[in-house]
Amino acid sequence: MTKTTRSNKPTIGVFRVCALAVSMGVFATATLYFAGAFNDDQVTAQAFVDLQQGSKVHAGFRRAHAKGICVSGNFESTGLLSAYSTANVFKLGNTPFIGRFSIAGNNPTAPDLKAPVRSLAFVVNTATDDEWRVAMNTPPVMAVATPDAFYKQLQALAPNPETGKRDAKKISAFFKAHPESKAFNEWKASYTPANSFATERYNSINAFYLHDAQGKRQAVRWQAVPRMSDQEVAGLDQQSPDALQQQLISQLEKQPVRFDLMFTLADSNDDENNPTIPWPSSRQVINAGSLVIADWRFQNEGACGAQNFDPLVLPKGMSATADPILRARGAAYAQSFRRRATETLLNQHITDKEGAGDARN
Amino acid sequence: MHATKHYSATSRLLHWAMALLLISMLFLGLSMVQSLAVWQVEAVALHKSFGIVALILVIIRLINTWRSVSPSLPNELSQLQRIAASATHTGLYISMLLMPLSGWLMQNADGRVVNVFGLFSLPNLIAVDIRYFAFFREVHALAAWVFLLLIFMHISAALYHGLIKSDGVFSSMFKGR
Ligand code: HEM
Ligand code: HEM
């Protein structure tokens with residue numbers, strides 16, 4: 001070590017000390033900036049999920065659509081969509097799936113028949129490049145087109161924590177300020193809940209792209225259309241909080257439940273990035289195949305409980321549009337999934353009265 | 001053998017390329033887990049791909065470090081400073097391995113295949129299980145903050161040597177001869 005050092009020099013420039021301090025200040029500030037410490041106007045995934053979970057956390061459960069039931073079966077593809085997408089799932093043939101019927105809301109013991117929205121989710125080809133995750137709801141469109149506006153919508157709809165009642169003035173003010181909610185509200189006014197999970201229609205709401213072998217893309221939305229009608233299913237036990245689940249179980253014990261996945265192809269007049277506008281019924285519709293549901297499990301016992309139905313997990317041959325609602329779902333689902341996964345790992349649901357026995361939800 | 005005063009060109013290139021990559025990865029990671037913006041989807045895909053690049057680079061770097069001679073620290077450094085330096089360096093290497101590995105494993109535990117730039121997919125290393133996911137997800141977040149703290153200490157020490165002590169430690173990574 002013969003190199004002459006200047007370490008013995010008596011004066012260390014104030015300038016150098018300042019340069020050191022400023023550099024580290026910049027690094028620390030940048031870290032805090034990216035960690036969101038100075039963000040007070042953007043709605044984050046964390047804030048969104050906080051709002052969804054409400055003041056009472058149901059440990060181990062989804063922060064939205066907490067109550068549900070696992071199903072499984074086969075997707076029987078017609079092969080008709082393979083002209084538009086190279087995805088293996090659309091080739092002629094069968095692909096097994098696991099799925100989940102659920103109701104909107106953060107309470108895993110909520111009464112089935114009080115829920116405003118019902119849902120169907122499914123996943124095929126998990127842990128492969130061909131994996132496809134789908135989460136569908138009963139409304140055909142969103143009321144608003146951005147996560148920010150959706151956050152405000154949930155705030156407006158939230159019941160007052162003291163009275164437990166919704167504020168009608170707040171709600172009507174919200175919808176007045178958001179004329180794009182027109183189609184949604186028209187649907188809502190005309191919608192009568194079906195008598196069964198098995199006879200509802202479930203919508204992708206957001207649009208996605210299909211990609212064919214030539215690399216051409218086609219925007220689509222889809223709807224799961226039930227084969228059975230309300231007249232064909234057993235009546236609901238109006239008193240039971242689990243009326244929809246019980247009815248589905250009794251149905252599946254008799255025979256499989258079928259849905260056709262009907263894909264609507266956008267044309268150049270349709271904006272695939274705006275989930276508030278319905279596409280005209282004159283658009284071409286293709287039956288991709290049917291979901292044949294043969295089996296069920298309670299969500300604490302079935303594989304669907306631990307599943308994150310993130311709609312941004314798409315197979316080769318499909319991709320996400322730039323719809324801001326669709327694009328917001330990945331981070332929000334991940335946040336909810338992380339919370340319930342960690343609670344499950346730490347067995348927190350065991351100490352939570354409601355969650356007792358409901359591991360891996 | 002003649003003691004080296006400077007890191008080799010390969011070492012310096014690896015060091016600065018990885019510094020840039022890892023700090024960008026940390027900042028991108030922190031912001032993308034909060035963001036509901038339209039770019040978030042591509043950000044996550046790029047995060048995973050560049051994370052695998054980082055994993056490959058750290059393996060190359062470890063082999064390079066093991067095979068080459070690193071300049072020794074100046075004699076006048078106290079024992080405490082030496083221990084602090086080697087502990088920080090060990091911690092930095094562990095973080096560099098732990099970040100991409102926990103990322104990969106968390107994806108597999110959630111049933112997701114890790115694809116690199118749409119070019120190829122990595123094998124799944126573990127079974128799909130929400131508990132494994134929780135573990136590796138939390139490791140990924142915790143290790144990120146430990147990593148940031150170590151980087152902070154590392155830069156502080158480097159600048160202290162460079163600006164205040166001017167003892168050649170800083171320039172050993174900054175220039176050739
Ligand atoms: C910005 C908009 C949205 C946000 C922030 C959001 C948020 C969430 C969250 C946090 C979960 C729980 C995820 C989990 O822990 O696994 C969830 C579940 C779900 N969401 Fe959304 N969501 C949005 C839009 C939509 C839309 C447009 C649909 C329907 C097309 C939808 C359908 C569903 C369904 C069906 C589930 C339950 C899936 C299951 O059974 O696990 N969501 N959502
Ligand atoms: C040097 C490599 C890496 C660094 C420095 C890094 C850093 C980070 C950071 C800081 C976060 C945010 C954590 C939080 O705030 O909770 C994050 C999240 C994430 N990282 Fe990495 N990461 C690396 C490699 C990887 C790899 C290789 C993968 C996957 C193949 C990956 C997948 C992810 C995912 C999916 C998230 C978001 C998780 C969620 O939304 O819940 N990372 N990363």
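The values are calculated or read from the model by the stated rules, or taken from the named source; none is laboratory data. Keep in mind it's a predicted model, so treat the numbers as computed, not measured. Don't worry about glycine lacking a Cβ; one is built from the backbone with ideal geometry, like all the others, and counts go over all protein chains shown. Quick note on the areas: whole protein, heavy atoms, side chains included, nothing else; ligands and nucleic acids left out. Shrake-Rupley method; radii C 1.70, N 1.55, O 1.52, S 1.80 Å.
What about A:Gln214, is it surrounded by 18 or more Cβ atoms within 10 Å (Cβ to Cβ) and either not in a helix (DSSP H, G or I) or not assigned by TED's automatic domain parsing to the domain that holds A:Thr276 (or both)?
It is false that A:Gln214 is surrounded by 18 or more Cβ atoms within 10 Å (Cβ to Cβ) and either not in a helix (DSSP H, G or I) or not assigned by TED's automatic domain parsing to the domain that holds A:Thr276 (or both).
Checking the structure you have, find out if any residue of segment A:220-228 is surrounded by fewer than 18 Cβ atoms within 10 Å (Cβ to Cβ), among the charged types (D, E, K, R) and in the same structural domain as A:Thr321 (by TED's automatic domain parsing).
yes
How many residues does segment A:317-345 hold that are of a type in the set (A, V, I, L, M, F, W, C) and either in contact with a Cys (Cβ under 8 Å, 6 or more places away or on another chain) or more than 8 Å from chain B (Cβ to nearest Cβ) (or both)?
Residues meeting the conditions: 3.
Kindly provide the set of residues from segment B:61-81 that are over 16 Å from B:Met173 (Cα atoms) and loosely packed, with under 13 Cβ neighbours inside 10 Å, ordered by number.
Across segment B:61-81, the qualifying residues are B:Ile63, B:Trp66, B:Arg67, B:Asn75, B:Glu76, B:Ser78, B:Gln79, B:Leu80.
Quick one: which residue in A:Ser336, A:Ser282 is open to solvent by 50 Å² or more (accessible area, probe 1.4 Å), among the small types (Gly, Ala, Ser) and either modelled with pLDDT of 95 or more or not assigned by TED's automatic domain parsing to the domain that holds A:Pro111 (or both)? Break it down into steps so the answer makes sense when it comes.
Numbers: A:Ser336 fails: open to solvent by 50 Å² or more (accessible area, probe 1.4 Å).
Of the residues listed, the single one that is open to solvent by 50 Å² or more (accessible area, probe 1.4 Å), among the small types (Gly, Ala, Ser) and either modelled with pLDDT of 95 or more or not assigned by TED's automatic domain parsing to the domain that holds A:Pro111 (or both) is A:Ser282.
Within segment B:84-106, does at least one residue satisfy the condition of being facing chain A (nearest Cβ under 10 Å) and assigned to a helix (DSSP H, G or I)?
yes
Being β-branched (Val, Ile, Thr) and either within 21 Å of B:Ala158 (Cα to Cα) or away from ligand 1 (no atom under 16 Å from the Cβ) (or both) is the filter here; which residues of segment B:29-83 pass it?
Of segment B:29-83, the ones β-branched (Val, Ile, Thr) are B:33, B:38, B:41, B:44, B:52-53, B:56, B:58-60, B:63, B:65, B:69, B:83.
B:Ile52, B:Val53, B:Ile56, B:Val58, B:Ile59, B:Ile60, B:Ile63, B:Thr65, B:Val69, B:Ile83 - these are the residues of segment B:29-83 that are β-branched (Val, Ile, Thr) and either within 21 Å of B:Ala158 (Cα to Cα) or away from ligand 1 (no atom under 16 Å from the Cβ) (or both).
Here is a check on your reading of the model: is B:Thr4 in a helix (DSSP H, G or I) and more than 8 Å from ligand 2 (Cβ to nearest atom)?
On the way: in a helix (DSSP H, G or I): no; more than 8 Å from ligand 2 (Cβ to nearest atom): yes.
Judged against the criteria, B:Thr4 is not a match.
Are any of the residues in segment B:147-167 at pLDDT 95 or above and closer than 23 Å to A:Leu312 by Cβ?
no
Residue by residue, here is whether (1) touching a helix residue (DSSP H, G or I) at 6+ places or on another chain (Cβ under 9 Å); (2) more than 9 Å from chain A (Cβ to nearest Cβ); (3) within 18 Å of B:His47 (Cβ to Cβ) holds:
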{"site": "B:Leu122", "(1), (2), (3)": "yes, yes, yes"}
{"site": "B:Ile126", "(1), (2), (3)": "yes, yes, no"}
{"site": "B:Leu150", "(1), (2), (3)": "yes, yes, no"}
{"site": "B:Tyr160", "(1), (2), (3)": "yes, no, no"}
{"site": "B:Gly168", "(1), (2), (3)": "yes, no, no"}
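Going by what's in this entry, would B:Ile151 be described as under 19 Å from the mean Cα position of the chain (by Cα), closer than 18 Å to A:Ser23 by Cβ and either open to solvent by less than 30 Å² (accessible area, probe 1.4 Å) or of a type in the set (Lys, Arg) (or both)?
yes
Looking only at segment A:82-123, which residues are of a type in the set (Phe, Trp, Tyr) and within 16 Å of ligand 1 (Cβ to nearest atom)?
A:Phe97, A:Phe101, A:Phe122
Return the residues of segment A:40-69 that are assigned to a loop (DSSP other than H, G, I, E, B), at the interface with another protein chain (Cβ under 8 Å from one of its Cβ atoms) and either near ligand 1 (Cβ under 10 Å from one of its atoms) or within 17 Å of B:Leu26 (Cβ to Cβ) (or both); say none if nothing qualifies.
A:Val43
Which residue pairs have Cβ atoms closer than 9 Å, lie 6 or more positions apart in sequence or on different chains, and pair a first residue in segment B:44-68 that is more than 14 Å from chain A (Cβ to nearest Cβ) with a second residue that is within 16 Å of ligand 1 (Cβ to nearest atom) and assigned to a helix (DSSP H, G or I)?
Correct list of pairs: empty, since none qualify.
Tell me which of these A:Ala145 doesn't satisfy, since it passes every other one: (1) part of a helix (DSSP H, G or I); (2) open to solvent by less than 40 Å² (accessible area, probe 1.4 Å).
Going through (1) part of a helix (DSSP H, G or I); (2) open to solvent by less than 40 Å² (accessible area, probe 1.4 Å) one by one, A:Ala145 breaks only (1).
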